[in-house]
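Novice: I'd like to ask you about the structure that follows.
The values are calculated or read from the model by the stated rules, or taken from the named source; none is laboratory data. These figures come from a predicted structure and were not determined experimentally. Positions of Cβ are generated from backbone atoms using ideal geometry, with glycine treated the same way; all protein chains shown enter the neighbour counts.
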There are 2 protein chains.
Amino acid sequence: MATAQDSYLNLVSHPVAREIAGRFGLPRPAVLRRYRPGEPLLPGPVLVLGGSGADALAGPLPDLGLQIRRQAAHGERLGAIVAVLDEVAGPADLAASALAVGAALRELAPGGRIVTVSRQACETLPPAAAAARQGVEGLLRSLARELRGGATGNGILLGDGVDVDAPGVTGALRFLLSARSAYVDGQFLLVGSTDGQPAAEPERPLAGHTAVVTGAARGIGAAIAEVLRRDGADVVVVDVPAAGEQLAAVANRIGGTALQLDITRPDAGARIIEQAGRHGRIDIVVHNAGITRDKLLANMDAERWDAVLEVNLAAPLRLNEALLASNLLGPAPRIVCLASTSGIAGNRGQTNYAASKAGIIGMVRSSAPLLAARGGTINAVAPGFIETEMTARMPAAARQVARRLLPSLQQGGLPRDVAEAVAFLSGGAAAGINGQTLRVCGQSLVGA
Amino acid sequence: MATAQDSYLNLVSHPVAREIAGRFGLPRPAVLRRYRPGEPLLPGPVLVLGGSGADALAGPLPDLGLQIRRQAAHGERLGAIVAVLDEVAGPADLAASALAVGAALRELAPGGRIVTVSRQACETLPPAAAAARQGVEGLLRSLARELRGGATGNGILLGDGVDVDAPGVTGALRFLLSARSAYVDGQFLLVGSTDGQPAAEPERPLAGHTAVVTGAARGIGAAIAEVLRRDGADVVVVDVPAAGEQLAAVANRIGGTALQLDITRPDAGARIIEQAGRHGRIDIVVHNAGITRDKLLANMDAERWDAVLEVNLAAPLRLNEALLASNLLGPAPRIVCLASTSGIAGNRGQTNYAASKAGIIGMVRSSAPLLAARGGTINAVAPGFIETEMTARMPAAARQVARRLLPSLQQGGLPRDVAEAVAFLSGGAAAGINGQTLRVCGQSLVGA
């Protein structure tokens, strides 16, 4: 099947186009390091830079099977560089860490990781401290654009009262260091609470949990179901009756349960709760089902507008209400929604889709306290340019590619990359993360 | 002088490149409508869509010389479409307004404006309301990408307790409708308070105000000095002694006062206060002075890092402290800082610059309460791809252009476009806007 990425690769291999591509510095992508069970977390030791915060952060890392370095040794390939900047109080405090990271960069292995750990720049801080903390974002996002060979750069932001040794920080760090975050780049994860604990079985962190995934017959939804299963969950896969055959195939492949259901039906919540309730309780719900009905707004009709808003936004809102009212919700429920970078930056021809996906971002932010009251979380994952059947069917695929030509990783992501982020947010390690939207976009240029 | 834009235009006019450009749908830019004194605010009447909020919003508009329509009349060219969405409480409430805007789009004149007016999606709302409010952002940002002919789309967000007829809303709307906002596209202005009043002389809103502009010898700084002067301010232009000759020329051109000063000197604040104090008081300070010392972080040295952080961030922080401690600050002081889209999204080779400009964003956010306590505001303007001598000197200009190839307006902005945004934030009409960063970027793709 020809994907948009294939179109681009074919175009760019034409001699004339190659010359133009060279002129503009267009991509020759690296193969990304992706998760395989049993492989080490990182391709080398972790250099942890910083003061006493770095000591505290490094404490639990050997338990993850990591070797720690506090200084770069010339010639030793590093799996990751972690810069702990939790004590930054003014602009002058950034230099030492930034330059130390820079000095160690040449030792970073292909597929390596940079992670900054710093405090959130809240409004109530003195200006110099807020400036320095916000400065970390400019530093990290620029640095992420400088990395090559499939390496990524991301940050962890500590909320008020959260210290570097909080379990949620270790959990977020583990995800960002691992191959599970292959296409997460230039992003910040806010750890806003001290909740969370290491999984009893790190390779099967969702063992014993029941998950529901909507829109699971193909593409990103099928990948999510597979990854949740791989991580130990019992999965109920949901899709419309028209996709029944594909849905059954997914369910068979993962030993899950198929539920043919149109999520816009008034009784959809009751049906899902009934089906998943047969497993005893519902721990994880992934609102992945989504449709596009692209048209320029000048040509938009009510049918296209309403269909997209109904499936992508109104249905998840109703399902969440039903779930929160149900007594079958587990003790630490997780809801993960699929947003989109279109919902952040907008996209030509997608006013309806972007409105629905921006809506998801607003929904998770304001639903966070409701889930926290139940011991749970709700977050969104916003895919950027992911290679799926849907992108392959795009009418002007080459133009779409041109628009997003230069993510730092120089390639589109895979459905699996989105699924890994969903699985992370579905587990106990992400208990401190609530109401957030995590982009899985290879730091593609989307605007806002 | 060859600018980066010229380089792109030359390249794209080569037959082979033109074919590639056509393949990718690359730009053939429109001439933007830019402000000239005496011209009407808009090239046609304003269609105001919505319920009772639309009535309230439309009330003061005839005083701005605008003709109001509440329904599109077929064949009449519209100067603007304003959609008032202040009562949106769930996803289904978006359809009517979105489709009404779509139905009127074909009547929008070149250089026309779309403005949405909606409420901020705060965390404490019910999920459906938060979702719908956030949905407006996806809708507007997508729509802005669909406009052609130099038309733009922007939004006004109402803070808690702010209604559509607040003076700050009228002020923000006037700016967004006007030719002063030519390169502001896909952005949201949060009006967070009910402060603000219409200027006594709308064409000279800064009459009687004293302004200080740093880095004013050339480029964006010189343009800011000129526009503030055009709007009525007495301007003190500041730059380093080495730029003394150009600085004097700017001062002469605008009938202002030149102050040769390195803003990183410990006594810089005192010197500026002394000089500007000769005008009686200081009303407006524009922190525009900035430098770049680009290097990949792997090759960065302390000298380059420190110089950029010192000039771009530490010096403005110190100057603000001195100003706030001074008794020469006027009764409604305005501080406007130059950030950059590099500070939002990062930029390869600019870890130091992006850290400093992200720092500015953090600084204005947390300085806002300090200024509010003095009856004033502090905000930032973040230029995207602006054509200046600095961009012309870029070593890989074509590559830079490729990176930002497709802002919705299909061209770089001018220093004047940044200056207009600074002037707006310096005036009484913007009194309700505090702690914000306004991008002037033609909705270019920058990522985050």
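Novice: Which numbered condition in (1) among the hydrophobic types (A, V, I, L, M, F, W, C); (2) touching a residue at least 24 places away in the same chain (Cβ under 8 Å); (3) surrounded by 24 or more Cβ atoms within 10 Å (Cβ to Cβ) is the only one that residue A:323 fails?
Specialist: Failed condition: (3).
Novice: So which of A:263, A:220, A:272 ends up being part of a loop (DSSP other than H, G, I, E, B), in the same structural domain as residue A:326 (by TED's automatic domain parsing) and touching a helix residue (DSSP H, G or I) at 6+ places or on another chain (Cβ under 8 Å)?
Specialist: Working: A:220 fails: part of a loop (DSSP other than H, G, I, E, B); A:272 fails: part of a loop (DSSP other than H, G, I, E, B).
From the options A:263, A:220, A:272, the qualifying one is A:263.
Novice: Being surrounded by fewer than 23 Cβ atoms within 10 Å (Cβ to Cβ), in contact (Cβ under 8 Å) with a residue 24 or more places away in the chain and in contact with a Lys or Arg (Cβ under 6 Å, 6 or more places away or on another chain) narrows it down to one residue among A:277, A:255, A:232; which is it?
Specialist: On the way: A:277 fails: in contact with a Lys or Arg (Cβ under 6 Å, 6 or more places away or on another chain); A:255 fails: in contact with a Lys or Arg (Cβ under 6 Å, 6 or more places away or on another chain).
The unique qualifying residue is A:232.
Novice: Scanning for something among the β-branched types (Val, Ile, Thr) and away from every other protein chain (no Cβ under 11 Å), does segment A:361-384 turn up at least one residue? Steps first, answer last, please.
Specialist: The first filter runs over segment A:361-384 and keeps only residues among the β-branched types (Val, Ile, Thr), leaving A:361, A:364, A:377-378, A:381.
Now restrict to residues that are away from every other protein chain (no Cβ under 11 Å): A:377, A:381.
Checking segment A:361-384: at least one residue is among the β-branched types (Val, Ile, Thr) and away from every other protein chain (no Cβ under 11 Å).
Novice: List every residue pair whose Cβ atoms sit under 8 Å apart, with the two residues 6 or more apart in sequence or on different chains, where the first one lies in segment A:124-146 and is facing chain B (nearest Cβ under 7 Å) and the second, anywhere, is basic (Lys, Arg).
Specialist: So the pair list comes out as A:125/A:133; A:130/B:365; A:133/A:119; A:134/B:365; A:138/B:357; A:142/B:348; A:145/B:348; A:146/B:348.
Novice: Still on this structure: Any residue in segment B:290-311 that is within 26 Å of residue A:138 (Cβ to Cβ), in a loop (DSSP other than H, G, I, E, B) and among the acidic types (Asp, Glu)?
Specialist: Our first condition is that a residue be within 26 Å of residue A:138 (Cβ to Cβ); within segment B:290-311, this holds for B:290-311.
Add one more test, that the residue is in a loop (DSSP other than H, G, I, E, B), and what stays is B:290-294, B:296, B:300-301.
Restricting the remaining residues to those that are among the acidic types (Asp, Glu) gives B:294, B:301.
The answer is yes, given that some residue of segment B:290-311 is within 26 Å of residue A:138 (Cβ to Cβ), in a loop (DSSP other than H, G, I, E, B) and among the acidic types (Asp, Glu).
Novice: Okay, moving on. Tally time: how many residues in segment A:318-357 are in a loop (DSSP other than H, G, I, E, B) and either facing chain B (nearest Cβ under 8 Å) or closer than 22 Å to residue A:225 by Cβ (or both)? Let's see the steps before the verdict.
Specialist: Going through segment A:318-357, the residues in a loop (DSSP other than H, G, I, E, B) turn out to be A:326-328, A:339-341, A:346-349.
Applying the additional criterion that residues be either facing chain B (nearest Cβ under 8 Å) or closer than 22 Å to residue A:225 by Cβ (or both) yields A:326, A:328, A:339-340, A:346-349.
Adding up the residues that qualify gives 8.
Novice: I'd like to verify a number: residues in segment A:417-448 that are part of a helix (DSSP H, G or I) and within 12 Å of chain B (Cβ to nearest Cβ), how many? Reasoning before the result, please.
Specialist: Restricting attention to segment A:417-448, the residues satisfying the condition of being part of a helix (DSSP H, G or I) are A:417-425, A:428-430.
Next, from what is left, pick out any that are within 12 Å of chain B (Cβ to nearest Cβ): none.
Here the count works out to 0.
Novice: Here's a check for you: in segment B:79-111, which residue that is more than 13 Å from chain A (Cβ to nearest Cβ) and not in a loop (DSSP other than H, G, I, E, B) is nearest to residue B:32 (Cα to Cα)? So that I can check it myself, show each step before the final result.
Specialist: Within segment B:79-111, the subset more than 13 Å from chain A (Cβ to nearest Cβ) is B:79-80, B:82, B:84, B:86-87, B:109-111.
Add one more test, that the residue is not in a loop (DSSP other than H, G, I, E, B), and what stays is B:79-80, B:82, B:84, B:109-111.
On the way: B:79: 14, B:80: 15, B:82: 20, B:84: 26, B:109: 12, B:110: 9, B:111: 6 Å.
Only one residue tops the list, namely B:111.
Novice: Name the residues in segment A:191-218 that are surrounded by 20 or more Cβ atoms within 10 Å (Cβ to Cβ) and either within 14 Å of another protein chain (Cβ to nearest Cβ) or among the β-branched types (Val, Ile, Thr) (or both), would you? Can you show your working first?
Specialist: From segment A:191-218, those surrounded by 20 or more Cβ atoms within 10 Å (Cβ to Cβ) are A:191-192, A:195-196, A:205-206, A:209-217; that's our starting set.
Correct list: A:191, A:192, A:210, A:212, A:213, A:214.
Novice: Residue check: is residue B:258 assigned by TED's automatic domain parsing to the domain that holds residue B:341, modelled with pLDDT of 95 or more and out of contact with any Cys (no Cβ under 6 Å at 6 or more places or on another chain)? Give the derivation first.
Specialist: Values: assigned by TED's automatic domain parsing to the domain that holds residue B:341: yes; modelled with pLDDT of 95 or more: yes; out of contact with any Cys (no Cβ under 6 Å at 6 or more places or on another chain): yes.
Yes.
Novice: Okay, next question. Which residue out of A:303, A:321 is under 20 Å from residue A:267 (Cβ atoms) and among the charged types (D, E, K, R)? Spell out the reasoning first.
Specialist: Values: A:303 fails: under 20 Å from residue A:267 (Cβ atoms).
None of the others qualify; the one that does is A:321.
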